[in-house]
Amino acid sequence: MSLPDVEEAAVKVLGAAVDMRDAARITLDQGWHLLGVPESEGGMGGTLADVAGVVRAISAAGLSSPLPELHAPVVLAVANRVVVPWGDGEENIAGEPYAVLASGSPSTGATLTRWRILHAARLVGGCQGAASRTAAYAATRAQFGRPIARFQAVSALVAEAHAQSVLAAAGLEAALADPGNDFVAIAALATASRAGGVVARVAHQVHGAIGITRELGLERLTRRLWAWRDLPGEAELEPLLGLLGEQRAWTLGAGDE
Amino acid sequence: MTWREQVREQVDAWRRDGVFTPRSDSWLTGYDEDFSRRLGARGWIGLTWRGRGFLDRFVLTEELLRAGAPVAAHWIADRQIGPAVARLGSAKLKAGLLPGIEAGEVRFCLGMSEPDAGSDLASVRTRARRTDGGWLLEGQKVWSSHAHRATHAYVLARTSTEEHKHQGLTEFVLDMTSPGVTARQIPDLRGPGHFCEVFLDDVFVPDWAVLGTVGDGWRQVTGQLAFERGGPERVLSTYPLLALTMAAAGPADAGRVGELVARLTALRRLGKQVAARMDGGEAPIGPAATLKMLGNRFEVDVIEAARAVPGVPRAAIDEALLASPGFSLRGGTTEVLGVVIAREAMGAVA
């Protein structure tokens with residue numbers, strides 16, 4: 001199967017998951033996390049970008065999957081707690097499980113970097129899904145006798161959602177071009193987290209009251225964006241980049257030149 | 001050595017030798033004809049039509065802007081006029097202009113806006129009337145940066161008036177020493193600077209100095225807007241101030257500065273994507289507008305961060321601040337960009 005086929009199939013099989021536990025089982029069975037792992041290590045070959053592509057496709061469809069955590073199992077420090085995403089015990093506002101550990105040391109090193117990149121991909125997919133739904137809604141929903149996108153105030157919101165999603169995707173591309181560089185991964189995740197917040201807010205504003213309903217399903221994207229952007233949030237990530245100094249900061253994102 | 005390292009080494013040496021003093025907004029207000037000639041002699045003007053491409057120009061211009069080097073004198077010619085002439089110009093126009101642009105001797109200003117045609121560019125009223133062997137241009141252009149010391153001007157003018165306003169427009173290249181051209185500075189909030197108005201009083205432009213096809217100016221100019229909007233100068237106008245801010249920042253400022261570092265990383269990547277698409281033969285109008293809208297926001301956010309970090313030199317903040325109102329106006333207002341971006345977003349889902 002080519003990669004676009006894998007992405008399409010992933011959305012299809014996960015779309016049929018009955019609950020989060022089922023989504024986790026399907027993800028494990030399908031083995032997408034073995035993409036980006038060398039065949040010599042029992043993987044499927046390919047690159048981290050291949051895994052990121054599947055992650056993006058899944059989240060753009062408003063679906064959940066522990067694919068990043070299967071590929072790069074992590075323990076995270078989040079707001080003074082030690083958290084295992086997709087562990088047992090708690091649920092985030094999107095209904096996805098996580099565990100809180102009484103003690104334990106957060107992950108570091110290459111595994112954490114890879115997870116950060118894939119989690120950024122998760123947010124990028126969510127941003128893209130919500131931004132494109134927003135554009136489509138504004139183009140078709142009529143009020144005052146014309147599509148609401150014809151009002152410049154509304155069209156500015158459509159532009160903002162699209163631009164934020166494009167920016168987050170560019171940050172992800174920078175990280176995938178230099179996947180061993182944790183600072184670029186942090187930058188990508190921080191940018192995607194901020195974008196997630198903006199896109200969710202703007203998407204709801206453009207959709208009006210119908211956007212808040214379960215029936216429309218926009219909340220499948222926005223609740224996930226709100227949950228994902230806090231693993232951890234930009235307030236914890238950005239200070240890690242603030243004292244790099246000009247020389248090092250300028251090298252971020254130029255890893256493939 | 002990578003291309004980026006080569007550029008950096010040379011630019012650092014120039015700065016050490018006192019060839020230039022870093023400043024914000026150096027691509028518009030850093031006007032230095034000698035520096036442009038120096039770059040020309042190095043072979044660094046006109047990379048996009050001399051077999052190197054937009055990605056190489058992207059790296060070169062990023063490093064020049066990072067250093068705050070005075071690149072304004074040749075900027076317009078290198079960025080958009082040279083590529084347009086190379087693509088659309090007559091053999092005579094190419095031969096007459098490109099070597100001079102490459103040497104940093106031919107300096108262009110833009111004659112697009114008019115008193116009654118700002119964001120609504122298609123409303124230009126400057127007229128071009130047919131005459132023997134060419135055209136006579138009559139009208140007024142405004143906000144033409146450095147027109148009083150440019151050697152040449154790009155002029156968008158109306159060659160016929162019967163059709164829809166997007167039709168009947170034509171692009172011209174004219175010599176600023178032609179009879180009938182008057183350029184006058186318009187002082188901006190800092191005093192006399194780059195702003196000018198240009199009066200055209202039956203200025204003769206020969207047929208060979210028409211850029212592209214008569215009547216096809218609107219389509220041509222909107223394609224060129226990707227080149228005008230999609231470069232790193234839409235992100236890095238205040239980068240020299242950001243560098244000072246990073247140097248002054250302490251632990252209490254790490255979050256604020258880190259946010260800018262993260263955003264800049266993504267913005268620079270977006271600029272690189274735009275350059276790669278131009279190398280692929282596209283005129284990526286939507287991505288260029290996205291880059292400019294977000295980049296302009298970044299440029300002013302740098303100033304706000306610099307204000308909040310103790311120890312950033314006041315003069316550097318003020319220099320950036322006084323330049324800042326133009327960021328989100330020049331090359332298309334934020335509001336116009338928003339319309340372009342929304343159209344792209346809706347086109348993608350239609």
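The values are calculated or read from the model by the stated rules, or taken from the named source; none is laboratory data. Please read these numbers as outputs of a predicted model, since none were measured by experiment. We place every Cβ from the backbone using ideal geometry, glycine too, and count neighbours over all the protein chains shown. In case anyone asks, the SASA skips ligands and DNA or RNA and just uses the protein heavy atoms, side chains included. Shrake-Rupley method; radii C 1.70, N 1.55, O 1.52, S 1.80 Å.
The criterion of at least 3 residues that are in contact with a helix residue (DSSP H, G or I) (Cβ under 9 Å, 6 or more places away or on another chain) and facing another protein chain (nearest Cβ under 10 Å) is met, among helices (runs of 4 or more DSSP H) falling completely within the stretch A:165-257, by A:182-207, A:234-237, A:246-251. Each residue in the stretch B:146-160 was checked for being open to solvent by 10 Å² or more (accessible area, probe 1.4 Å) and hydrophobic (A, V, I, L, M, F, W, C), and 1 of them qualify.
Please verify whether B:ALA323 is within 12 Å of chain A (Cβ to nearest Cβ), more than 23 Å from A:ALA168 (Cα to Cα) and aliphatic (A, V, I, L, M), treating the condition exactly as stated. Answer is no for this residue.
Across the stretch B:330-350, the qualifying residues are those that are open to solvent by 20 Å² or more (accessible area, probe 1.4 Å) and within 19 Å of the chain's Cα centre (by Cα), and the one among them that is farthest from B:GLY118 (Cα to Cα) is B:VAL340. Of all residues in the stretch B:201-227, those that are in contact with a strand residue (DSSP E or B) (Cβ under 7 Å, 6 or more places away or on another chain) and within 21 Å of B:LEU88 (Cβ to Cβ) total 15. Counting only residues that are within 18 Å of the chain's Cα centre (by Cα) and open to solvent by 20 Å² or more (accessible area, probe 1.4 Å), the stretch B:166-188 holds 0 of them.
Could you please let me know if B:PHE204 is of a type in the set (Phe, Trp, Tyr), assigned to a strand (DSSP E or B), modelled with pLDDT of 95 or more and buried (at least 17 other Cβ atoms within 10 Å of the Cβ)? Write out each step before concluding.
Working: of a type in the set (Phe, Trp, Tyr): yes; assigned to a strand (DSSP E or B): yes; modelled with pLDDT of 95 or more: yes; buried (at least 17 other Cβ atoms within 10 Å of the Cβ): yes.
Taking the combined requirement at face value, the residue satisfies it.
For the stretch B:221-236, the count of residues that are touching a residue at least 40 places away in the same chain (Cβ under 8 Å), touching a Ser or Thr at 6+ places or on another chain (Cβ under 8 Å), polar (S, T, N, Q) and surrounded by fewer than 20 Cβ atoms within 10 Å (Cβ to Cβ) is zero.
Of all residues being touching a helix residue (DSSP H, G or I) at 6+ places or on another chain (Cβ under 8 Å) and part of a loop (DSSP other than H, G, I, E, B) in the stretch A:72-88, which is nearest to A:LEU240 (Cα to Cα)? Just the residue, please. Out of the qualifying residues, it is A:ALA79.
Meeting the requirement of 1 or more residues that are among the acidic types (Asp, Glu), the helices (runs of 4 or more DSSP H) wholly within the stretch B:34-150 are B:54-67, B:91-103.
Determine whether A:GLY45 is under 24 Å from A:ALA131 (Cα atoms) and of a type outside the set (A, V, I, L, M, F, W, C). Against the criterion (under 24 Å from A:ALA131 (Cα atoms) and of a type outside the set (A, V, I, L, M, F, W, C)), A:GLY45 does not qualify. In the condition set (1) open to solvent by 80 Å² or more (accessible area, probe 1.4 Å); (2) among the charged types (D, E, K, R); (3) away from chain A (no Cβ under 14 Å); (4) farther than 18 Å from B:ARG107 by Cα, B:ARG23 is compliant with all but (1). So, A:GLY53, is that one in a loop (DSSP other than H, G, I, E, B) and either over 15 Å from the mean Cα position of the chain (by Cα) or not β-branched (Val, Ile, Thr) (or both) or not? Taking the combined requirement at face value, the residue does not satisfy it. Of all residues in the stretch A:106-164, those being under 15 Å from A:ALA52 (Cα atoms) and away from every other protein chain (no Cβ under 14 Å) number 10. Scan the stretch A:150-173 and tell me whether some residue there is in contact with a Lys or Arg (Cβ under 6 Å, 6 or more places away or on another chain), more than 16 Å from B:MET293 (Cβ to Cβ) and without any contact (Cβ under 8 Å) to a residue 40 or more places away in the chain. For the stretch A:150-173, residues in contact with a Lys or Arg (Cβ under 6 Å, 6 or more places away or on another chain), more than 16 Å from B:MET293 (Cβ to Cβ) and without any contact (Cβ under 8 Å) to a residue 40 or more places away in the chain: present. From the list A:GLU91, A:GLU39, A:GLU69, the lone residue that is open to solvent by 40 Å² or more (accessible area, probe 1.4 Å) and in contact with a helix residue (DSSP H, G or I) (Cβ under 9 Å, 6 or more places away or on another chain) is A:GLU91. On the given criteria, is B:GLU163 of a type in the set (Asp, Glu), open to solvent by 20 Å² or more (accessible area, probe 1.4 Å), under 21 Å from B:SER145 (Cα atoms) and not assigned by TED's automatic domain parsing to the domain that holds B:ASP32? The answer is no for B:GLU163. Scanning the stretch B:246-271 for residues that are more than 8 Å from chain A (Cβ to nearest Cβ), open to solvent by 20 Å² or more (accessible area, probe 1.4 Å) and in contact with a helix residue (DSSP H, G or I) (Cβ under 6 Å, 6 or more places away or on another chain) turns up nothing. Number of residues in the stretch B:261-307 that are outside any helix (DSSP H, G or I) and within 18 Å of the chain's Cα centre (by Cα) equals 2. Total residues in the stretch A:98-123 satisfying the condition of being touching a Lys or Arg at 6+ places or on another chain (Cβ under 8 Å) and buried (at least 16 other Cβ atoms within 10 Å of the Cβ): the figure is 3. Scanning the stretch B:308-326 for residues being assigned to a helix (DSSP H, G or I), touching a residue at least 60 places away in the same chain (Cβ under 8 Å) and open to solvent by 50 Å² or more (accessible area, probe 1.4 Å) gives a total of 3. Go through (1) within 30 Å of A:PRO239 (Cβ to Cβ); (2) facing chain A (nearest Cβ under 10 Å) for B:ARG234 and report which single condition fails. The failed condition is (2). Does the stretch B:189-198 hold any residues that are touching a residue at least 60 places away in the same chain (Cβ under 8 Å) and open to solvent by 30 Å² or more (accessible area, probe 1.4 Å), and which are they? Of everything in the stretch B:189-198, those that are touching a residue at least 60 places away in the same chain (Cβ under 8 Å) and open to solvent by 30 Å² or more (accessible area, probe 1.4 Å) turn out to be B:LEU189, B:ARG190.
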